[in-house]
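Novice: Here it is, the structure in full.
The values are calculated or read from the model by the stated rules, or taken from the named source; none is laboratory data. Quantities reported herein were computed from a predicted structural model and do not represent experimental measurements. Positions of Cβ are backbone-derived with ideal geometry, glycine not excepted, and every protein chain shown enters the neighbour counts. We work out accessible area using only protein heavy atoms, side chains counted, and drop any ligands, DNA or RNA first. Shrake-Rupley method; radii C 1.70, N 1.55, O 1.52, S 1.80 Å.
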Amino acid sequence: MPSNPAAPPRGGHRRLLLVLSALLLSTAALFGSTLIASAHDPAPAVAAAADIHTPLSQAPACVDPEKPLSPGYDEATKNDAAFNKSFRHCFTTVDGVQMHYVTGGHGPQAMVLLHGWPESWYEFHDIMPSLLPGHTVIAVDLPGLGDSTGNPPNYTKQTLATYTHLLLDKIGYRQHVQVVAHDFGVGVAYSLAAQYRTQASGLFLMDFPLVGKNLKFATIQPLEWHFSFNLQEPLAEQLVTGKASQFLKYFYPTQSHVAQPVPTDEVNEYIRVYSRPQVLHAGFELYRTWTQDEADNTRLEATPLTVPVRLLTQDGFAPLLLSAVQDAAPAATGTDVKGAGHWLLDEAPQQVLNEVNAFYPTH
């Protein structure tokens with residue numbers, strides 16, 4: 001029988017089998033090592049678990065989302081399944097500052113929440129689920145504060161209001177936004193409504209002296225020790241850096257009638273954010289621009305607001321604070337919360353919620 005020219009030479013079959021065996025063994029070894037590596041790499045396992053076990057968020061998608069520059073931004077919410085089902089953390093850059101906001105709901109009416117000092121968006125977290133019916137809720141960390149990262153050119157409330165305006169424009173809420181604000185968030189809310197007259201449809205304000213035409217910073221500065229302490233630059237930063245926990249745990253009770261007005265979980269979250277040197281400095285800067293805020297507000301008050309305005313204050317402060325708000329919005333109404341201190345969202349959350357719902361009824 002003639003030889004097959006395609007057949008391997010003598011011994012070729014054995015060599016071919018050896019080569020194939022080696023290839024099979026090396027492939028098996030590679031596959032095995034991949035399995036072993038996967039067993040030690042938590043990322044795929046976490047991703048798979050998230051896909052299977054974590055409810056998908058029902059919150060609106062982030063607009064122009066970015067990787068967070070602030071580590072630990074979800075420390076207070078990552079294990080709260082109910083919150084994460086309804087809300088989402090978002091990050092997007094506005095004029096050089098990465099803005100952090102938390103959003104939820106798909107209602108036709110936008111509601112923006114603006115925090116005070118020394119707090120963050122998190123001061124609203126307990127009432128946010130109750131605000132969802134009929135609303136899209138946006139709780140903002142003001143520029144330089146909370147988990148927003150970067151430095152605006154200054155911390156006047158007019159500048160911070162411009163950043164808030166640009167953020168709302170960017171994410172699609174350009175008109176008729178309902179605003180809820182506390183403490184320095186009130187100053188930002190007023191400037192937002194006064195500068196951008198069609199953006200806010202109303203202001204619900206809580207416990208803040210709105211300086212301007214008649215109420216002067218010189219009048220209120222002696223009323224609280226921290227009004228003067230926070231002005232001291234760089235001394236305030238030097239004394240508090242590395243000691244945010246001691247400072248904040250001391251501070252919250254000084255603005256209340258009760259020993260522990262702010263719950264421990266909130267205090268821990270505020271310690272986290274104010275331990276960031278940028279945030280600590282930005283918080284003090286809110287006070288250092290107060291005289292400029294007075295001048296800015298005096299100018300803006302020449303054109304009174306016509307949108308509805310409601311003010312809620314701590315016990316006994318309504319007469320002083322409401323008259324200042326009425327310099328900006330003559331038809332503003334207000335009342336105090338009997339027995340409550342400054343931390344209204346913690347000390348009287350149901351009354352705050354009832355007032356917000358009465359002021360902004362859903363249809």
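Novice: Which of the lysines could a cross-linker bridge to LYS85, judged by Cα under 29 Å and excluding same-chain residues fewer than eight apart?
Specialist: Partners within reach: LYS67, LYS170.
Novice: Where does each of 198-204, 156-162, 99-105 land if you order them by average Cβ count within 10 Å, highest first?
Specialist: Output ranking for 198-204, 156-162, 99-105: 99-105, 156-162, 198-204.
Novice: Continuing with this model, one more query. Modelling each spin label as a point 7 Å along the Cα-to-Cβ direction, I'd like the LEU166/ASP95 distance in nm, to one decimal.
Specialist: About 0.5 nm separates the two model spin labels.
Novice: On to the next question. Give me Rg/Rg_expected for the range 61-216, where Rg uses Cα atoms only and Rg_expected = 2.2 N^0.38 Å with N residues.
Specialist: Details: Rg = 14.6 Å, N = 156, 2.2 N^0.38 = 15.0 Å.
So the Cα radius of gyration is 0.97 times the expected 2.2 N^0.38 Å.
Novice: Want the number for GLU224 to GLU75: 0.36 nm per residue separation, take away the alpha-carbon distance, what's left?
Specialist: Numbers: separation 149, 0.36 × 149 = 53.64 nm, distance 3.17 nm.
Full-extension gain reported as 50.5 nm.
Novice: Please report the carbon-and-sulfur percent of the accessible area for the range 138-251; probe 1.4 Å, protein heavy atoms only, DNA, RNA and ligands left out. Could you put the intermediate results ahead of the total?
Specialist: Values: 2170 of 3970 Å².
With neighbouring chains kept in place, the figure for the range 138-251 is 55 percent.
Novice: Next question. Can you give the extra length, in nm with one decimal, that the chain gains between HIS257 and GLN278 once fully stretched, where that is 0.36 nm per residue apart less the Cα-Cα distance?
Specialist: So the extension gain works out to 4.5 nm.
Novice: Can I ask one more? Using all alpha carbons of the range 221-344, what is the percent of pairwise distances in each 5 Å bin, ordered from the shortest bin to the longest?
Specialist: P(r) over the range 221-344, rounded to whole percents: 2, 10, 14, 17, 19, 17, 13, 7, 1, 0.
Novice: Would you kindly state how much longer the chain becomes between SER245 and ASN151 on full extension, computed as 0.36 nm times their sequence separation minus their alpha carbon distance, in nm to one decimal? Could the numbers behind the result be given before it?
Specialist: Details: separation 94, 0.36 × 94 = 33.84 nm, distance 2.34 nm.
In short, 31.5 nm is gained.
Novice: Antiparallel DSSP bridges in the range 82-198: what percent, to the nearest 5? Could the numbers behind the result be given before it?
Specialist: Values: 13 of 23 bridges.
For the range 82-198, the DSSP antiparallel bridge percentage is about 55.
Novice: Divide, for the range 146-255, the radius of gyration over alpha carbons by 2.2 N^0.38 Å, where N is the residue count.
Specialist: 1.23
Novice: Continuing with the same structure: How far apart, in nm, are the 7 Å Cα→Cβ label points at GLN350 and THR362?
Specialist: Each label point is offset 7 Å from its Cα along the Cβ direction, giving 1.9 nm.
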